[in-house]
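The values are calculated or read from the model by the stated rules, or taken from the named source; none is laboratory data. What you see is a predicted model; the values in this text were computed from it and never measured. Neighbour counts are summed over all protein chains in view; Cβ atoms, including those assigned to glycine, are modelled from backbone coordinates with ideal geometry. Surface areas here come from the heavy atoms of the whole protein model, side chains and all, with no ligands, DNA or RNA. Shrake-Rupley method; radii C 1.70, N 1.55, O 1.52, S 1.80 Å.
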Amino acid sequence: MEEEGDTIDEEGLQENGDFEEPSDIPTKNRKKLFFIIIVIVVLLAAILASVIYFMFLSPESEEKEEEAELTSDNLHKADYPGETIEFDFTVYNLNAKQDVFSPSVSGLPSDWVVILPDSITVEGKESKQEFISVIPSSATALNKTYSFTFKVTSKNINQIYTLEYKLTVLRTYGVELFCPNNSKDAFQGKSLDYSLVINNNGNAEDTITLTYNQSQLPSDWSISFESDSMNVPALSSEAVTCTINTHSNSPLRRYDITVIATSEGGKSDLIWLNTTLHSILITDTPHRQGYPDEELFYNFTINNPENEDDVFSPQISGLPSDWIISMPTTISVDGDKSNKTGFSITPSLETAVNKTYIFMLNIASANTQDTYIIGFKLTVFRLSYGVALLCYNNSHDADSGRSTYYAIVVNNTGNGEDTISFSHEFLPSNWIISFEYNPIIVDGYSSEVVIINITTHPGTSKGRFDVKITATSSGGPTACIWLNTSTIKDFEFRVVMDGDKIQVNYIGTLVDGSILNTSYSEVANNDDYPKSEFFTLWPSYSPLKVQVGAMDPEPSDEYMTVIEGFWEAVLGLKVNETTVVRIPPEKGYNYPGYPLYGETLIFEITVVSIDN
């Protein structure tokens, strides 16, 4: 008998796990193992047959081609019209054979420029990058995003591959201003219309504003627009009317006015509107020449631009009031007709100066109340020469070695501008005389003040010395006046100083010699002496009491403060000495609104006493 630990189980394995020799395996187990091996071999053979079939024997293996791919790195771009915009694309050929692809683009406006390769050849199992170039048309590219389709078609397999691109056209601004007829004629005081065309060259709706150059527009004209701000669609036009209103008094010439159109984005364009102004009044005798007291004739024509009959009232301005003017009081003109008439002028012998006068003819329309103006010239020839001299106070006292001053009024009595020169006689040999102006130019029928300074000699004896002053016109006539200087009086050493209280006599005039005011009764009451418009006749006359120095904000009732030029003139004078001073506006009544504001004044001043 075998030991219990040495028995064999049904699988032929010992308890210690060791295999027995094959000869020891039971017959049942061998059959089972053989069957498994046969099944495995059959399965492997079937799999191998399938692989061989599908790889080498199947009909589809000879005709099946792998597909291609189409990609892009940037499917959306943005730029301006007129710019070249490039989109990339890459074609991948996944087949082993070379293939040729045909590209095309759809979805863009027909006038845009699209540049593509004619074809794309890609070797097997390779890729190729190409570009689409798009140029948006400035005429049609709006400010928006356009979508378009890009296609490539494979030649080998006739397969289409697509990409969807986007192109954003950025906003552009642009404006153009046009006027079919920018040059027109108009009568004075009438209106005319200009038709303007505004082109929005931008690619989006724009608000366009119309303005004009105000510095070019006459101050009495006006300009208006049918609409000075309008919304104009992209790449479109709008029409607008510009109205210019002229003035009846505007000079006859061509007026050029700039109109500017400005887009919302700051772009602008301009156009010139040229308006040539014609007169309702015209003349073929704009300039006449003659002598004083000669009647001179002018003619003029009135054009009535209205349909209705009208009556015009004429008036002449700009001539001396004593000249004789003969002219109809009213002039009738039928509608759309004209009427030629005239007037005459006779210059006065007393006021007609040798010069050219410019005067205006004004006519007023009864219908429209408009006034129209035309200018004329009248040249008066020189008829006479003449000169006269006047001195309101020709007798002065002077200390030996000191000066005294005289104011003489030089009157040109001729009817033309004249150059008048001065000479003197009988001046003591050791005295000095000087003239403020020598010669002096004086207008016809006008006068000017000239200051004369006479300086005595320290050794002059007491007495009265008479000096003859002669004025000579360039045309020959002369006039003379005597200046009487007395050295009889004894003068004190004391002179006027700042802060003194003094009394003075004075004569104040304008530069033409007309009297403003005076402390001399005999001067104020002499009707032969010319008086200015500012002169006032007082009940009584006496020396003026003056506080010398800057104007006191609280002057006393007895001594008054005076203008700077006046008190400065008396500084350094002795009692009984006389000076004449020409006071400029800044040292006179330089107060806006004061009657003598801006006037140059001349004062002759004599110190009567120093009271302190």
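In the range 416-429, what count of residues is obtained for those that are open to solvent by 50 Å² or more (accessible area, probe 1.4 Å) and in contact with a Lys or Arg (Cβ under 6 Å, 6 or more places away or on another chain)?
Summing the residues that are open to solvent by 50 Å² or more (accessible area, probe 1.4 Å) and in contact with a Lys or Arg (Cβ under 6 Å, 6 or more places away or on another chain) in the range 416-429 gives 2.
Can you tell me which of (1) modelled with pLDDT of 95 or more; (2) open to solvent by 30 Å² or more (accessible area, probe 1.4 Å) is the one Ala569 doesn't meet?
Of everything listed in (1) modelled with pLDDT of 95 or more; (2) open to solvent by 30 Å² or more (accessible area, probe 1.4 Å), Ala569 misses just condition (2).
Check Thr379, Thr419 and return the single one that is of a type in the set (Val, Ile, Thr), touching a Pro at 6+ places or on another chain (Cβ under 6 Å) and assigned to a strand (DSSP E or B).
Matching residue, one of Thr379, Thr419: Thr419.
Can you tell which of Thr168, Thr172 is in contact (Cβ under 8 Å) with a residue 60 or more places away in the chain, in contact with a strand residue (DSSP E or B) (Cβ under 6 Å, 6 or more places away or on another chain) and open to solvent by less than 50 Å² (accessible area, probe 1.4 Å)?
Checking each option against the conditions leaves just Thr168.
Can you pull out every residue in the range 93-117 that is part of a loop (DSSP other than H, G, I, E, B) and closer than 23 Å to His76 by Cα?
Residues satisfying the conditions are Gly107, Leu108, Pro109, Ser110, Asp111, Trp112, Leu116, Pro117.
Scan the range 560-580 and report the pairs whose first residue is without any contact (Cβ under 8 Å) to a residue 12 or more places away in the chain and whose second residue is in a loop (DSSP other than H, G, I, E, B) and surrounded by fewer than 22 Cβ atoms within 10 Å (Cβ to Cβ), with Cβ atoms within less than 7 Å and a gap of 6+ or a chain change.
Going by the 7 Å Cβ cut-off, there are no qualifying pairs.
Kindly indicate whether Glu564 is farther than 23 Å from Asn393 by Cβ, of a type in the set (Asp, Glu) and open to solvent by 10 Å² or more (accessible area, probe 1.4 Å).
Considered against the rule, which asks whether it is farther than 23 Å from Asn393 by Cβ, of a type in the set (Asp, Glu) and open to solvent by 10 Å² or more (accessible area, probe 1.4 Å), Glu564 comes out as yes.
Within the range 331-361, restricting attention to residues that are open to solvent by 30 Å² or more (accessible area, probe 1.4 Å) and touching a Pro at 6+ places or on another chain (Cβ under 8 Å), which residue is farthest from Phe297 (Cα to Cα)?
Taking the candidates together, the pick is Asp336.
Every residue, every condition in (1) open to solvent by less than 70 Å² (accessible area, probe 1.4 Å); (2) modelled with pLDDT of 85 or more; (3) outside any strand (DSSP E or B), yes or no:
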site: Glu10; (1), (2), (3): no, no, yes
site: Gly17; (1), (2), (3): yes, no, yes
site: Ser23; (1), (2), (3): no, no, yes
site: Phe34; (1), (2), (3): no, no, yes
site: Ala45; (1), (2), (3): yes, no, yes
site: Leu48; (1), (2), (3): no, no, yes
site: Ile52; (1), (2), (3): no, no, yes
site: Leu70; (1), (2), (3): yes, yes, no
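Among the candidates Ser237, Ser215, Ser250, single out the residue that is open to solvent by 40 Å² or more (accessible area, probe 1.4 Å) and either within 30 Å of Phe312 (Cβ to Cβ) or modelled with pLDDT of 95 or more (or both).
Step by step, each of Ser237, Ser215, Ser250 is checked, and only Ser237 is open to solvent by 40 Å² or more (accessible area, probe 1.4 Å) and either within 30 Å of Phe312 (Cβ to Cβ) or modelled with pLDDT of 95 or more (or both).
Filter the range 290-308 down to the residues that are part of a loop (DSSP other than H, G, I, E, B) and more than 15 Å from Ile363 (Cα to Cα) and list them by number.
Answer for the range 290-308, where residues must be part of a loop (DSSP other than H, G, I, E, B) and more than 15 Å from Ile363 (Cα to Cα): Tyr291, Pro292, Asp293, Glu294, Glu295, Glu306, Asn307, Glu308.
Residue by residue through the range 120-161, note down the ones that are open to solvent by less than 60 Å² (accessible area, probe 1.4 Å) and part of a loop (DSSP other than H, G, I, E, B).
Result: Gly124, Pro136, Ser137, Thr140, Ala141, Ile157.
I'd like the residue in the range 363-415 that is of a type in the set (D, E, K, R) and within 30 Å of Leu252 (Cβ to Cβ) and, out of all such residues, is surrounded by the most Cβ atoms within 10 Å (Cβ to Cβ).
Filtering the range 363-415 for residues that are of a type in the set (D, E, K, R) and within 30 Å of Leu252 (Cβ to Cβ), the one surrounded by the most Cβ atoms within 10 Å (Cβ to Cβ) comes out as Asp370.
Considering only residues that are open to solvent by 60 Å² or more (accessible area, probe 1.4 Å), more than 40 Å from the chain's Cα centre (by Cα) and at pLDDT below 95, which ones fall in the range 291-320?
Passing the criteria: Tyr291, Asp293, Glu294, Glu308.
Inside the range 587-612, can you point out the residues that are outside any loop (DSSP other than H, G, I, E, B) and either at pLDDT below 95 or β-branched (Val, Ile, Thr) (or both)?
Hits for the range 587-612 are Ile602, Ile605, Thr606, Val607, Val608, Ile610.
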